[in-house]
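The values are calculated or read from the model by the stated rules, or taken from the named source; none is laboratory data. Please read all numbers here as calculations on a predicted model, not as lab measurements. Heads up, the Cβs are rebuilt from the backbone with ideal geometry, glycines too, and the neighbour counts pull from every protein chain shown.
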Amino acid sequence: MNPTFIHDASKFTGVGWWYVSGNPTASDVQFTLISPRHVISVRHLSANFTGGNQQVRFLGSDNQVYTRTIQPFTNIVDGTDLVDLAIASLSSPLPATVKRMRYRNHQTEGQLQGDTIMVLGKNQVSGNSVSGGTSTIANFLDVAYAPYSDNTRMLRFDYTVASGAGDDCYYGPGSGDSSSPVFVDYNGEPALVGVAAIFDGQNPSTFHNYCVSVRTYITHLDAILNPAGYRMRPAEYTATTLSLASAASLGTMRQAHPGSLTFTLENTGSQTTGNAALTLAFDPAEAPSSVSAPGWVVESMGGGVWSVRKAVMSAGDSIVAAATWTSLPAVATLNVNATGESDTASTVTSQPSFTLLPSYAAWAAGLTEAAKTDDPDDDGLENLLEYAFGGDAENGTMLLSAGHPLQPQISVAGGNVTLSYPERSDAGVRGLSYIVETSTGLGNLTGSTTLPVGAASSTAPYTPAEPGFVKRTITWPSDGPLRFARVKVALSE
C-alpha cells in the first residue's frame with residue numbers, strides 16, 4: 001500500500017485489477033467496487049467474461065490480496081439506448097478492508113466541468129506505462145460508437161501533447177484500460193465520476209479521452225443493486241443515526257429446545273439512508289437454523305455470519321430480524337456480535353449475551369434411546385431418573401462419580417428413619433421436582449406427599465463432593481407404624 005503514489009493508494013483499496021495468470025497486461029484493466037459483491041465496468045468488456053473463470057484482485061488495507069471470480073455482466077439500457085456501462089457480480093463478498101467507493105453526487109455537469117480528476121488505468125505518457133495521472137474535465141457529451149453504444153453520456157478530458165506535464169494523463173495509443181475509474185476529490189476522499197471507455201488520438205496535438213459518466217446512470221445502477229440490498233454510495237450526504245437492540249423472543253430459553261432472538265436496527269435520525277445492513281455473527285457451532293427479516297434481503301455469509309440488508313431505509317424505519325433455532329446449542333451462554341451500518345451513518349455495535357438454561361433434551365442428546373422413559377443400559381432406571389440423580393444412562397453403574405450411591409437409600413438408626421438421595425443443586429432452574437411419597441400401604445402410596453409427623457428435610461454437600469449435586473436427607477421418628485417410601489421425579493421445562 002503506497003500512500004506516496006500520485007493518488008494516495010490507501011484510499012483506493014476498492015479498485016481491483018483484472019487478473020489473468022501469465023498475462024500481466026491484463027492488470028491494466030481495472031474494476032471499481034460499488035458494493036461488497038459488485039463492480040462497475042464498461043459494457044464492451046463483457047465478452048471477455050462469459051466463461052465464468054476470469055478473476056479480479058483487490059489489495060485490502062490489511063495488505064491481503066483478495067481474489068474473486070467475475071460473474072456475468074448486467075448491462076445498462078437507457079430507454080431504448082444500449083449504454084456502454086455494466087455491473088458485474090463477484091463470486092463472494094469482499095471484507096470491509098476492501099473499501100467500497102462512493103460516487104460524486106449533487107453537482108451538475110456544469111459544476112463538475114473544469115474539476116481536477118484522478119485517473120487510473122494504463123496511462124501511456126511519453127511511451128511509459130504507469131498506473132495513474134491527473135487531468136481536468138473538459139466537457140460532457142453524448143457519444144455513440146457501434147457496436148458498444150447506441151448513445152452514452154460521457155465526460156471528456158484532454159491531453160495537450162506540446163505542454164503535457166509528467167503527471168498529466170491520457171489513455172492511448174493502445175487499448176487495455178477500459179473500465180478503469182476516474183475520480184474527483186470530495187473532502188479528501190476519491191468520489192467516482194466515470195469509467196474509461198474510448199480514446200481518440202486522431203488529432204496529433206490534442207488527445208481526447210472519454211469516460212462513461214457514472215452520475216448520469218445512478219437510477220439504472222441502483223435498479224440492478226437494489227434487489228441485492230445495495231445502492232450506489234453517495235459522497236455527499238446529510239448524516240443520520242442508527243440504533244441497535246436485541247432481545248430473546250421468550251423470557252426463558254433452554255438448551256436443545258427451539259428458540260429465537262430478535263435484533264432491531266432502526267434509523268433514528270431524520271434522514272433517509274442507504275446500504276443499511278445488520279450483520280449477525282455467531283460461533284459457527286452455535287449458529288441459528290435460519291434468520292428472517294420480512295422486506296429485507298437476508299443472506300447467510302457462512303461461518304456463522306448472516307447479513308440482513310436493505311438498499312434504502314427511510315427515517316424512522318426499522319427492521320426486526322429473527323434468528324431462529326430448531327434446537328438451541330448446549331451452551332450456558334449464547335454470544336452474538338451484532339453490527340448495524342449504512343452509507344450515511346456511524347456504525348453501531350452490540351455484543352449481547354443470552355443465558356440458556358440446561359435441559360433434559362441437551363443431557364439426552366446423542367443417546368441411542370433418548371426418551372425420558374427409555375432405559376438404554378437396562379439397569380432399571382429410566383433416563384429421567386438417571387438425569388435427576390446424576391447417573392450415566394449408558395452405563396449400568398449405581399454410583400455417582402465420587403462413589404456415592406445413585407439410588408435413594410433408607411435406613412433406621414437411633415430412633416429415626418432416614419431417607420437420602422442425590423438432588424441436582426440447580427433443580428429449580430432445570431424444572432426438576434423431587435417428590436417424596438410415604439404411606440402405611442402400597443395401595444395408597446401414590447399422591448401421599450404429606451411426610452410423617454416429626455419429619456425434617458435438609459440438604460448438604462457430599463463429602464467427597466459431587467459437582468452439581470447435593471445430598472437430600474429426610475428423617476422421621478421410627479416409633480410410628482411401618483411405612484413405604486419412594487422418590488418420584490417430575491420434569492417441567
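Table for the structure above
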quantity	calculated
Leading residue by the ranking (farthest from the chain's Cα centre (by Cα)) among those in the range 350-360 that are surrounded by 17 or more Cβ atoms within 10 Å (Cβ to Cβ) and hydrophobic (A, V, I, L, M, F, W, C)	Leu357
Residues that are in contact (Cβ under 8 Å) with a residue 40 or more places away in the chain and either of a type in the set (Phe, Trp, Tyr) or at positive phi (or both), drawn from the range 426-459	Gly431, Tyr434
Test: Leu400 is of a type outside the set (Phe, Trp, Tyr) and within 48 Å of the chain's Cα centre (by Cα)	yes
In the range 188-218, the residues that are outside any strand (DSSP E or B), at pLDDT 95 or above and farther than 11 Å from Val42 by Cα	Arg215, Thr216, Tyr217, Ile218
Ser21 being at pLDDT below 85, assigned to a loop (DSSP other than H, G, I, E, B) and of a type in the set (Ser, Thr, Tyr)	yes
Residue ID - farthest from Val29 (Cα to Cα), chosen from residues in the range 119-149 that are assigned to a loop (DSSP other than H, G, I, E, B) and at pLDDT 90 or above	Ala138
Selection status of Tyr159, assigned to a strand (DSSP E or B) and at pLDDT below 95	yes
Residue that is surrounded by fewer than 20 Cβ atoms within 10 Å (Cβ to Cβ) and within 18 Å of Gly431 (Cα to Cα), where the choices are Thr333, Thr373, Thr326, Thr347	Thr373
Any hit, the range 398-413, residues being of a type in the set (S, T, N, Q), assigned by TED's automatic domain parsing to the domain that holds Asp374, in contact with a Pro (Cβ under 8 Å, 6 or more places away or on another chain) and buried (at least 18 other Cβ atoms within 10 Å of the Cβ)	no
Residue list for the range 299-318, filter: of a type in the set (A, V, I, L, M), assigned to a strand (DSSP E or B) and more than 15 Å from the chain's Cα centre (by Cα)	Ala311, Val312, Met313
Failed criterion for Gly304 (all others in (1) closer than 28 Å to Tyr360 by Cα; (2) of a type in the set (Gly, Ala, Ser); (3) modelled with pLDDT under 95 hold)	(3)
Residues that are part of a strand (DSSP E or B) and either in contact with a His (Cβ under 9 Å, 6 or more places away or on another chain) or on the phi > 0 side of the Ramachandran plot (or both), drawn from the range 410-425	Pro422
Positions within the range 257-298 being touching a Gly at 6+ places or on another chain (Cβ under 9 Å), outside any loop (DSSP other than H, G, I, E, B), touching a residue at least 60 places away in the same chain (Cβ under 8 Å) and closer than 25 Å to His38 by Cβ, in sequence order	Leu265, Asn267, Asn275, Ala276, Ala277, Leu278, Thr279, Val297
Selection within the range 364-389 - touching a helix residue (DSSP H, G or I) at 6+ places or on another chain (Cβ under 9 Å) and not in a helix (DSSP H, G or I)	Leu367, Glu369, Ala370, Ala371, Lys372, Thr373, Asp374, Asp375, Pro376, Asp377, Asp379, Leu381
Among residues of the range 233-256, those that are assigned to a loop (DSSP other than H, G, I, E, B), in contact with a strand residue (DSSP E or B) (Cβ under 7 Å, 6 or more places away or on another chain) and surrounded by fewer than 16 Cβ atoms within 10 Å (Cβ to Cβ), counted	5
